[in-house]
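This report refers to the structure that appears directly beneath it.
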Amino acid sequence: MSDLFRYVLRLGDLSLVLGQRLSEWVGHSPALEEDLGLANIALDLIGQARLLLSYAGEFEGRGRDEDKLAYMREQGAYFNAILAEQPNGDFGQTIVRQVLIDAFQLELYERLSASRDERLAAIAAKSVKEVRYHLRYSSSWLVRLGDGTAESHARVQTALDLLWPYTVELFAADDVDQRMAEAGIAPSLAEVQAAWSARIDAILSEATLKRPADRPHAWHGKRGQHSEHLGYILAEMQYLQRTYPDARW
Amino acid sequence: MSTTLAQNETSATAREGMAASEASARIAAAWEALRDVEDPEIPAVSIVDLGLIRYVKAGPNGALEVGLSPTYVGCPATEVIRRSAREALAKSAVGKFEVTNVLSPAWSSDWISPEGRRKLHAYGIVPPDRAVSNMREVLRSQQPIACPRCQSLDTQTLSEFGSTPCKALHRCRACLEPFEYFKCI
């Protein structure tokens, strides 16, 4: 499997899995405005995933399009960081996960817009405009909840403690990340991490939340090793195409 | 001999001139046809007013090339817009054409024409202020937005995301009417 194919799948899968997760809120959000907000963010993420998976499929050149890649890959062939597949929990936990990933996509896409790979640069430049609005939404909610009541504060702090260990994987550069950075295609993950860290610190401080300590972390979604949650997401997402292959409507 | 050559040259130039004027007539006809294609979710404005048509040009194989940009990557209206644009072009006298998806440069709300902005406002959607090019500007762009009905500045944001990806939902505290705002991207 080529480096670029794997790298683009990692980005596309992160957006696809998070978009699918967020769409579980449709019809269940605490208020209509939040239903609209989360559904719109999910839609943007799935739009990003379509562009990225289409590119990956064309680059691979084996006739797999965005749908084949989304609906016909097994869990072990998905390369998203496992933070994206973590359950929604309560609204606060969803918001914490969203802030962590929005800030990551923001810093990554800002830099990826200058990629030597023109197609990837175009997708990143287009997507980052939308991601800014995602982060404005999620970070303003995190500040409201963190700096809100004792109950809301405690809930988002618990969610932050729970999800923080999974953020390590976002920045754990392996050979693919390194070679992509050396080729001028991807930004250095160390640089993305420094910018992400500063941004997250500012949001957490405004939200009066405590940043958890970094701990070593054993999961590797980027290598196709996932938590048990991804299988359930894929089962629901892929059910129709696997039961009626190539079904159209 | 020399006369024939000169005549041939003249007619070759004339033919090129005719081909060029035919191409520019087809391009004009294509723009005309596209001007009648409405955005399915904001029927007040055409896709040309919204700045979604990036170019119409004569391609090397005689087909017209039409560049179309999506507003938001996941916007479901994009598929409908592409189909409507194709249908409108097929009905008009433009001949062969191809519609290409243009991602770069990314569409900006700054590309909405003055006419488009006027139509949006008349339709009850506040047009975007100006493009925001970084996170700091997105965070700052929370200034009061005037109500499109009564012009009051006493308005509030109800929802950062509205009925479509490109809009946010606001409410006027003076006339109590809700209204939509076209987001800056």
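Using a Förster distance of 56 angstrom, determine the FRET efficiency expected from the C-beta separation of A:E151 and B:A93, and round it to 0.05.
0.25
To test your reading of the geometry: what angle, between 0 and 90 degrees and rounded to tens, separates the Cα axis of helix B:114-123 from the longest principal axis of chain B?
Rounded to the nearest ten degrees, it is 40.
In straight Cα distance, which aspartates and glutamates are under 12 Å from B:K96, not counting same-chain residues fewer than 8 positions off?
B:E65
Treating cross-link reach as a plain straight distance, find the lysines whose alpha-carbon is under 21 Å from the alpha-carbon of B:K91, omitting any fewer than eight places away in the same chain.
B:K57
What average count of beta carbons from other chains do you get within 10 Å of the Cβ of residues in A:38-46?
The per-residue average across the peptide is 4.
When only C-alpha pairs under 8 Å and at least 6 residues apart count, what is the relative contact order of chain B, in percent?
In percent, rounded to a whole number, it is 17.
Could you work out the relative contact order of chain A, using alpha carbon pairs under 8 angstrom and six or more residues apart, expressed as a whole percent?
25
For chain B, state the semi-axes of the equivalent ellipsoid (square roots of 5 times the eigenvalues of the alpha-carbon gyration tensor), sorted largest first and rounded to whole angstrom.
Largest first, chain B gives 44, 15, 15 Å.
Rank by packing, highest mean first: peptides B:34-43, B:156-165, A:24-33, with packing defined as the count of other Cβ atoms within 10 Å averaged across residues.
B:156-165, B:34-43, A:24-33
Report the charge-dipole magnitude of region A:42-135 in Debye, nearest 20, computed about the Cα centre from +1 at each Lys and Arg Cβ and -1 at each Asp and Glu Cβ.
Computed charge dipole of region A:42-135: roughly 160 debye.
Can you give the average number of partner chain beta-carbon atoms within 10 Å of each beta-carbon in peptide A:133-142, as a whole number?
Taking the mean over all residues of the peptide, I get 3.
Straight-line reach only, C-alpha to C-alpha below 20 angstrom: list the lysines that A:K222 could link to, leaving out same-chain residues fewer than 8 apart.
Qualifying lysines at Cα under 20 Å: A:K68.
Could you compute how fast the protein assembly as shown diffuses translationally, taking Rh as the Kirkwood radius over C-alpha pairs and applying Stokes-Einstein at 37 °C with viscosity 0.692 mPa s? Give it in µm² per second.
Estimated via Stokes-Einstein, D reaches 138 µm²/s.
Which order do peptides B:168-181, A:156-169, A:5-18 fall in by mean Cβ count within 10 Å, highest first?
Per-residue Cβ counts within 10 Å, averaged per peptide and sorted highest first, yield A:5-18, A:156-169, B:168-181.
Within 10 Å of each Cβ of A:48-57, how many other protein chain Cβ atoms are there on average?
1
Mind checking the dipole of region B:111-182: about its Cα centre, +1 per Lys or Arg Cβ, -1 per Asp or Glu Cβ, Debye to the nearest 20?
100
Any read-out appearing in this document is the output of simple, stated calculations on the displayed coordinates, not a laboratory observation. Being a predicted model, the structure only gives us computed values, none of them experimental. Heads up, the Cβs are rebuilt from the backbone with ideal geometry, glycines too, and the neighbour counts pull from every protein chain shown.
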